[in-house]
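Take a look at the structure below.
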Amino acid sequence: MGNGTDTVNANTCQVEISHTMPLWEVFLKNHPEATIYHSPLWGDIMQRAYGNRPIYLTARRNSQITGILQLVAQKSLLFGSHLCSLPYFDASGIVAQDEDTADALLEQAQQLLLSQRARWIELRHLQPRGKSLPTRSDKVTMLLALPRDEEELWSNFKPKVRNQIRKAQKENMQILQGHTEYLDEFYAVYSRTMRDLGSPPHSRRFFRLILDSFPEQAIIYLVRLHNQSLAAGFSLRDQSILRVPWAASNWQFRNLNPNMLLYWSMLADSCQKNAECFDFGRSTRDSGTYRFKKQWGAKEIPLIWQFLLPEGEALPELNPESAKYRYFVSGWKKLPLWMARWLGPKIIAKLS
């Protein structure tokens, strides 16, 4: 497979394979299951940020697009070659008009597994695709249906949540929202939080590319006190949902509850902009972040992460609770911040 376009017949569909960005906008706009995470812009962002090559699969019937699948190829010494749709996001796998189209895309993905000599292909869905594919379902995303106005939203919160927000409000913190003008402040809070949690951060360039690629949909929220940013969120708006894949706060000021004020500000702003739902993002059931999101009234939606594997191979061992992972986390927390910011993107480029 070269840099051009290949076409394969399967299940009455033609599946086109390309490394150049396809024209999916009309199809995605009209499909009810499509989200901002299905945009072909992500492949370009990940290639420019981390050098990971996108592979676009477009299914057509009678010249009309009936389904899409975007994969990103990653390589590492630890995990070898693998493909994911998509790294870093919760559910961004196959979008198809019918089962025949979904099967055609799966069939072509299986051929890619062999031609790319990959160890696995990971497809991240909210609903299962295909028959009896090996599946991980230990992760959930947390969604909150929003009322028509913020007053009703406020009244739905438990007294403890309201009291924590009021405590933060009494500190007269600033609430700001914007774009590239707040990127440095967001990244300072985000990268420090990731280091303190023992996880490698994305690069600043990654976030800048997102802001440039989605100028109308990407918004940064900040909570400041005395010109110091204490909490920050990076949000993405699609259709009627506000999604927050990245949020962080300075633990040294946790007694002031800046993270509670951050989320209240994002939720209230979502109501004002007539969003129907707020997506808190991915969590592991019963983890600390899961409980934080659940206190706002968010409901868990299981994530169905399916795998295509070479014959005879088992699911990859990607357990963050393993002893090896805990050792890595412990060591990462001890890194100087400058080193975590420099080294983190080199590592996360290989992870999904």
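What follows is calculated from the coordinates using simple rules that are stated; it is not laboratory data. The shown structure was predicted, so the numbers you read here are calculated from the model rather than taken from an experiment. Glycine gets a Cβ as well: all are built from the backbone with ideal geometry, and neighbour counts include every protein chain shown.
For the reader, a short list of remarks on this structure follows.
- Extension gain, residue 131 to residue 160, is 5.9 nm, computed as 0.36 nm per intervening residue step minus the present C-alpha separation.
- When only alpha carbons of region 38-77 are considered, Rg and Dmax amount to 12.3, 43 Å.
- Spatially proximal lysines relative to residue 170 (Cα-Cα < 18 Å; intrachain offsets below 8 disregarded): 160
- Take the Kirkwood radius over Cα pairs of region 140-302, plug it into Stokes-Einstein at 37 °C and 0.692 mPa s, and you get 206 µm²/s for translational diffusion.
- Angle in degrees between helix 323-332 and the longest Cα principal axis of the chain, rounded to the nearest 10: 50 degrees
- Angle in degrees between helix 183-197 and the longest Cα principal axis of the chain, rounded to the nearest 10: 90 degrees
- Listed residue pairs exceeding 29 Å between alpha carbons, taken from 139/167; 75/334; 131/346; 167/294: 139/167; 131/346
- Considering only the chain, percent of DSSP beta bridges that pair antiparallel, nearest 5: 90 percent
- Surface/4 of the Cα convex hull for region 216-313, nm²: 9.2 nm²
- Computed from the alpha carbon positions, the gyration tensor of the chain leads to an equivalent ellipsoid with semi-axes of 35, 23, 19 Å, biggest first.
- Taking all Cα pairs closer than 8 Å and separated by 6 or more residues, the relative contact order of the chain comes to 21 percent.
- For region 175-223, GluC sites (Glu not before Pro) are listed when DSSP marks them as loop and at most 10 other Cβ atoms sit within 10 Å of their Cβ; the list is 216.
- Counting only Cβ charges, +1 for Lys and Arg and -1 for Asp and Glu, the dipole size of the chain around its Cα centre is about 1600 debye.
- Whole-number percent relative contact order across region 140-302, with pairs defined as alpha carbons under 8 Å at least 6 apart: 38 percent
- Between region 54-113 and region 147-167, the alpha-carbon centres lie 41 Å apart.
- Against the empirical 2.2 N^0.38 Å (N residues), region 260-352 has a Cα radius of gyration ratio of 1.47.
- Overall, the ratio between the Cα radius of gyration of region 115-215 and 2.2 N^0.38 Å, rounded to two decimals, is 1.58.
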